[in-house]
Amino acid sequence: MAPSSKSLRVLIPSDTGQRFSCQSCTQCCRNLVVDLTDRDRKQIEAGGWKRRLDVDPYVRLGGKWVLNKDEQGRCVFLSDAGRCRIHEQQGFDAKPLACRLFPFTLSPVGHSVRAGWRFDCPTVARSQGKPMDADEDALGVLARELLGGRGRAKVEIQLKTGLPAQSAETGHLVGILDRWLRDGQRSPTDRLRGAIWLTSTLQDAQLEAVREERFVELVELLVAALPAELSANVPSTPTSRQLRMLRQLAFAHTGHVSFAEMQAGWGRSLACRWTQLCFSRRFRNGRGPVPSVIGNNGGEADFADVDRVQPDNGQADRLNECVLRYLRGKLQTRTCFGPAYYGWAVLDGLSVLWLSVAVIGWWARYFAAIRQTEAFGLEDLVRALGVVDAGAGRIPILGSSAERLRLRFLQANQGIASLVERYSLWPSR
């Protein structure tokens, strides 16, 4: 798409190593429910697509207009050749806004916008294509269409619950954590353990009287103390309750409502809820076969099989690069706290980000287990990132009070560090 002078300034990190160019895998055409703007519907109507498809191109769903899907759950515009019919016959600019924007996200920042990207796009997870900032101008045009040509008022972000954050405080903390995560002189394990300890220490601190410059000084002092703390505080084996909560959190990330379920009547909806409750109990108990909760998995595995899987040392560099790129991307784009993550405070959102490494580790092991192997590789990790990032900020239960209570419990007694160590994504060298 050609850039326009009528675009908003886009803030997009350029040093995370993240790349993207669409590889036409069509996964988004199968998995996403695409909301339509008034302009999108008018464009579809003008193209005469109802007559050409011989089916409604869009339908009313939960008070919104969305693209219709066929019986296999594919977008009705997806051809048998794996091409978008609108794109093919009318060009990229005729596609719905959500389709043109994916896998990017845009968040208002005053009169600018900050871009993020979604790891449920496997091309993003694999980092294939052009550097992310190559799309800056095109994203500015999309941002203008999305936001009506201007940014929005500043949204208050909290440092801790009930404690508003100053912009300089958030910026400094994000910068410090990003610098720590990219420190190649330290092992990936120590980098993540250090980030967890720093976040936990700040969460426990009385920060009300330590603001702005004093907060920056405190963070610098804690970073200086990190090497000694890493030597003194080795995570313990997670307790059975911590493991149970981790499995339940892994299940919670699959809580998407499918297009077919959204259209179902109350009877089928009730049956789906009952099934979900049964699956939740099985994840909590952690015995026997893992329920099939994410579609056609292509195999079966017991919970015990999942726990036997470890990272593939032969793919250590690729696994480490992928995970660090994910963490740094979420940090720099600020999509792990604030408006992008249920309005949660910075330190809570950071704790969730570190905890997500254990959840991703659990799902990567699951995908390896259903292949009947005891080592997970990059493609297992890519699928696991897709499960977790598809839900982050988009599944209401993950932002609920129950999840806040779960986080509080796991923040205590080194729970997050213990779980991350148990379901490590970092192969030993």
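Some observations on this one:
- Exclusive hit being on the phi > 0 side of the Ramachandran plot, small (Gly, Ala, Ser), in contact with a Lys or Arg (Cβ under 8 Å, 6 or more places away or on another chain) and assigned by TED's automatic domain parsing to the domain that holds residue 103, set 73, 62: 73
- The condition (being modelled with pLDDT of 90 or more, among the small types (Gly, Ala, Ser) and in the same structural domain as residue 412 (by TED's automatic domain parsing)) is satisfied by just one residue among 240, 269: 240.
- Scanning the stretch 108-129 for residues that are under 21 Å from residue 386 (Cβ atoms) and in a strand (DSSP E or B) yields 115, 116, 117.
- Among the criteria (1) on the phi < 0 side of the Ramachandran plot; (2) not assigned by TED's automatic domain parsing to the domain that holds residue 363, the one residue 129 does not fulfil is (1).
- Which listed residue, of 340, 368, is touching a residue at least 24 places away in the same chain (Cβ under 8 Å), part of a helix (DSSP H, G or I) and surrounded by fewer than 23 Cβ atoms within 10 Å (Cβ to Cβ): 340
- Residues (out of contact with any strand residue (DSSP E or B) (no Cβ under 7 Å at 6 or more places or on another chain), surrounded by fewer than 17 Cβ atoms within 10 Å (Cβ to Cβ) and under 18 Å from residue 97 (Cβ atoms)) located in the stretch 111-149: 137, 144, 148, 149
- Applying the condition of being in contact with a helix residue (DSSP H, G or I) (Cβ under 6 Å, 6 or more places away or on another chain) and among the small types (Gly, Ala, Ser) to the stretch 108-135 and asking which residue is modelled with the lowest pLDDT yields 115.
- Filter result (outside any loop (DSSP other than H, G, I, E, B), surrounded by fewer than 22 Cβ atoms within 10 Å (Cβ to Cβ) and hydrophobic (A, V, I, L, M, F, W, C)) within the stretch 371-403: 375, 378, 382, 390, 397, 398, 402
- Check on residue 220, modelled with pLDDT of 90 or more, at positive phi and either surrounded by 14 or more Cβ atoms within 10 Å (Cβ to Cβ) or among the charged types (D, E, K, R) (or both): no
The values are calculated or read from the model by the stated rules, or taken from the named source; none is laboratory data. Just so it is clear, the model here is predicted, and its values are computed rather than measured. In this analysis, Cβ positions are derived from the backbone assuming ideal geometry, glycine residues included, and neighbour counts consider all displayed protein chains.
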